[in-house]
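Shown next, in structure tokens, is the structure this report addresses.
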Amino acid sequence: MDKIPDNRAWWLVLPVFLLVAFSALIPLMTVVNYSVQDIFGPGQAYYVGTEWFKEVLTDERLQASLVRQFAFSGAVLLIQIPLGIGVALMMPKSGIKGSLCLILVAIPLLIPWNVVGTIWQIFARGDIGLFGWAINQAGIDYNYTGDTVDAWLTVLLMDVWHWTPLVALLCYSGLRAIPEAFYQAAEIDRASKWAVFRYIQLPRLKSVLIIAVLLRFMDSFMIYIEPFVLTGGGPGSSTTFLSQTLTTMAIGQFDLGRAAAFSLIYFLIVLLISWLFFTAITHADKEK
Amino acid sequence: MRQTGYKNIGITVYILLLLTPVYWLLNMSFKTNREILGGLTLWPQNFTFDNYAVIFTDPSWYNGYLNSMAYVSINVVITLLVALPAAYAFSRYKFLGDKHLFFWLLSNRMAPPAVFLLPFFQLYSSIGLFDTHIAVALAHCLFNVPLAVWILEGFMKGVPREYDEMAYIDGYSFPKFFIKVFLPMIRSGIGVTAFFAFMFSWVELLLARTLTSVDAQPIGAIMTRTIGASGIDWGVLAAAGVLTIIPGLLVIWFVRNHVAKGFALGRV
């Protein structure tokens, strides 16, 4: 559909602009302000220019948590996107069974994040949790509070449990929007299941998948509450992701300048990657 | 139909795996603390409602749910009210800076919350809104409004512009057209948007906890109280957790058909 050029449309957008600007720009400016100062307490702040930025870029603790973060977000996307598509393909297309599946699959999404952490904290325990107990019974030594690999895998498993439903729901609604005629045509051509998926379903899922990848990337990159409740970032710092490193720095050590400088860099990384995805979306829209 | 058979088995297995952790929470909420810590039992041996009784009889507990529901509802209403006209503008008109504005809106979902908490606290304290429902509702607009505009715009693009033009020829004014003709056509979109706004506001805790202290404290923050001198009160914690799932279930029950009809209707 061609859009009409009309600058009066700004009046319709203005409420959103003002509302979001209020909650976004003022705090952002405050953070920028922190990032160029050394703050010892109220009224004791000194301008330090770009010193924090230089220091932060060479900080090994931050680099380590950045690497952990990329590994985590990468694993999240690699597992959740294919699994979500698979689940969406298996869900019944209509009727009461379809509705029921939809509701059951959505349950993890509706649980507050700290409760998600709490659920897994108990569920994965070796003594009173079903999951931890079952793994131990199977003869595998598993202890998420002591072993770094176990802890990492538990956080990943929790995230897969928590967020794959979002990908599945998005793909499910995408699949439902494919007209029946497409499938009939494929049947006439005696297309294989794989061909139907590859040449009919997957291309039509493209735009929902971009939304799914974008949302999952942004949210997994900022994961905070769930691992904090589950493992507290440990053992050691094996599950301390970026947000938590930042929070410890800003609130725990009151190292505001450094934390602010780093969160700006953090913001830019997310922004850059999201911009690439976003350009992909608009590009895909243009092609049609 | 062997294909369908495999699919049914697959989805059943997935849903069972998905529900096991939730069952474990439910299971625990009906146990006494002694039984929880005593060892592994697959179902409650001494079935008890005591944990729920604690929550329903103590105002400091159940007020947490009321507070959460209050700010979530305010947030959903504000989100829809501002996002509907904006999404209409984005779906119908080209205007100065539209693409940049759209991306800027989306970028607000990407700000790492950790360091923005302190500025948020200062901002809302300075305008006297600290510890009110409206403060949390406004703060949650930061990530809900952009998403709402995005989803609604997709649905609105699916409605041909001929409808708008016909309504004008029939003598409808813009507000009348928008409310009487246009909104009913994107009912599904509104349902889906309301669901997502509800969901993200209901599960968020960091901002909600930072902006409240007593009068508007969300249930998530109150749950941390179960960690007392004698250790964690697991039973009550589990019961509180189970109760946080119920409002979400009600909401998705109401919008289930809309979600099924296609979140991405306009985009696919």
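For B:R187 and A:L157, FRET efficiency with R0 = 30 Å and r from the beta-carbon atoms, rounded to 0.05? The calculated FRET efficiency here is 0.20.
Grab the Cα-Cα distance for A:L202 and A:W10, subtract it from 0.36 nm times how many residues apart they are, and report the gain in nm with one decimal. Mind showing how you got there, number by number?
Details: separation 192, 0.36 × 192 = 69.12 nm, distance 3.63 nm.
This chain segment gains 65.5 nm when fully extended.
Counting Cβ atoms of other protein chains within 10 Å of each Cβ in A:130-143 and taking the mean gives 1. Based on the Cβ-Cβ distance from A:K93 to A:I251, what FRET efficiency comes out when R0 is 41 Å, to the nearest 0.05? According to the calculation, E is roughly 0.25.
Modelled this way, with points 7 Å down the Cα-to-C-beta line, the labels at A:L276 and B:K7 are 3.5 nm from one another.
Helix B:133-157 sits at what angle to the longest principal axis of chain B, using alpha carbons and giving 0 to 90 degrees rounded to 10? Tilt relative to chain B: about 50 degrees.
Report the local net charge at A:T154: Lys and Arg +1, Asp and Glu -1, summed over other residues whose C-beta lies under 13 Å from its C-beta. Before the final figure, lay out the partial values.
Values: positive: A:R125; negative: A:D147, A:D150, A:D159, A:E226.
Neighbour charge sum, excluding A:T154 itself: -3.
The calculated pair-distance distribution of the protein assembly as shown uses every alpha carbon pair, bins of 10 angstrom beginning at 0, and gives 3, 16, 27, 27, 18, 7, 2, 0 percent. Placing a label point 7 Å from the Cα of B:L17 along the Cα-to-Cβ direction, the residues of region A:82-97 whose backbone N falls under 16 Å of that point are A:82-91.
The slack in the chain from B:R34 to B:V214, taken as 0.36 nm per residue of separation less the alpha-carbon distance, amounts to 61.7 nm. Here B:H258, A:H162 are placed in order of increasing Cβ neighbour count within 10 Å, fewest first, which gives B:H258, A:H162.
Multiplying the residue separation of B:L250 and B:F47 by 0.36 nm and removing their Cα-Cα distance gives an extension gain of 70.5 nm.
In terms of the Cα gyration tensor, with a ≥ b ≥ c the square roots of its eigenvalues, is region B:51-173 rounded because a/c is under 1.5, prolate because a/b exceeds b/c, or oblate? Verdict is prolate for region B:51-173.
Pairs of alpha-carbon atoms within less than 8 angstrom and 6+ residues apart define the contacts here; what relative contact order does region B:143-238 have, in percent? Mind showing how you got there, number by number?
On the way: 39 pairs, mean separation 23.5, N = 96.
Relative contact order, region B:143-238: 25 percent.
Comparing B:G158, B:G235, B:G38 in a Gaussian network model of chain B (Cα springs below 10 Å), the most mobile by mean-square fluctuation is B:G38. Counting only alpha carbon atoms, the long axis of helix B:113-126 and the longest principal axis of chain B meet at about 80°.
The magnitude of the dipole of the protein assembly as shown, with charges of +1 and -1 set on the Cβ of Lys/Arg and Asp/Glu and taken from the Cα centre, is near 1720 debye. Annotation: peptides A:60-71, B:181-192, A:234-245, ranked by per-residue average of other Cβ atoms within 10 Å with the highest first, follow the order A:234-245, B:181-192, A:60-71.
Counting partner chain Cβ atoms within 10 Å of every residue's Cβ in A:198-211, what's the average? Could you put the intermediate results ahead of the total?
Details: counts 0, 0, 0, 0, 0, 0, 2, 2, 2, 5, 6, 1, 2, 7.
Taking all residues of A:198-211 together, the mean is 2.
Given R₀ = 30 Å, FRET efficiency for A:L57-B:M69 by Cβ-Cβ distance, to 0.05? Mind showing how you got there, number by number?
Numbers: r = 44 Å, r/R0 = 1.47.
In this case the efficiency is close to 0.10.
A DSSP coil position with no more than 13 other Cβ atoms inside 10 Å describes the following trypsin sites (Lys or Arg not before Pro) in region A:124-216: A:R190. Of B:L105, B:L249, B:L18, the residue with the greatest mean-square motion in the GNM of chain B, using alpha carbon springs below 10 Å, is B:L18. With respect to the cross-link table entries A:K206/B:K99; A:K97/B:K180; A:K97/B:K7; A:K93/B:K7, which display a Cα-Cα separation exceeding 23 Å? Going by Cα-Cα distance, A:K97/B:K180 fall outside the 23 Å limit.
Shape summary of chain B, radius of gyration then Dmax from alpha carbon positions: 22.7, 75 Å.
Rg and Dmax over the alpha-carbon atoms of region A:69-287 stand at 20.4, 68 Å. To test your reading of the geometry: what angle, between 0 and 90 degrees and rounded to tens, separates the Cα axis of helix B:187-203 from the longest principal axis of chain B? Helix B:187-203 and the main axis of chain B meet at about 40 degrees. Legend: mean number of C-beta atoms from other chains within 10 angstrom of residue C-beta atoms, peptide A:242-252, equals 3. When A:E55, B:E204 are arranged by Cβ crowding within 10 Å, least crowded first, meaning fewest neighbours, the order is A:E55, B:E204. Label-to-label distance for B:F103 and B:Q122 is 2.9 nm, based on points extended 7 Å past Cα in the beta-carbon direction. The fewest-to-most ranking of B:L138, B:L117 by surrounding Cβ atoms within 10 Å reads B:L117, B:L138.
Only DSSP H runs of four or more residues enter the estimate; each adds -39500 (n - 2.57), and after division by the residues of the protein assembly as shown the mean residue ellipticity at 222 nm equals -23000 deg cm²/dmol.
Membrane-span-like helices of chain A, defined as complete DSSP H segments with a Cα extent of 24 Å or more along the helix axis and a mean Kyte hydropathy of at least 1.0, are identified as A:10-35, A:60-90, A:202-221, A:256-287.
Please give me, ordered by residue number, the chymotrypsin sites (Phe, Trp or Tyr not before Pro) of region A:144-201 that lie in loop per DSSP and have at most 10 other Cβ atoms within 10 Å.
Details: sites: A:Y144, A:W152, A:W161, A:W163, A:Y172, A:F182, A:Y183, A:W194, A:F197, A:Y199; in loops: A:Y144.
For chymotrypsin sites (Phe, Trp or Tyr not before Pro) across region A:144-201 that sit outside H, G, I, E and B with at most 10 neighbouring Cβ atoms in 10 Å, the list is empty.
Compute the Rg/Rh shape ratio of region B:1-58: radius of gyration over Kirkwood radius, all on alpha-carbon atoms.
On the way: Rg = 16.9 Å, Rh = 13.7 Å.
Checking Rg against Rh, the ratio lands at 1.23.
Each reported figure results from applying straightforward, stated rules to the coordinates on display, with no laboratory input. All values derive from a computational prediction rather than experimental measurement. We place every Cβ from the backbone using ideal geometry, glycine too, and count neighbours over all the protein chains shown.
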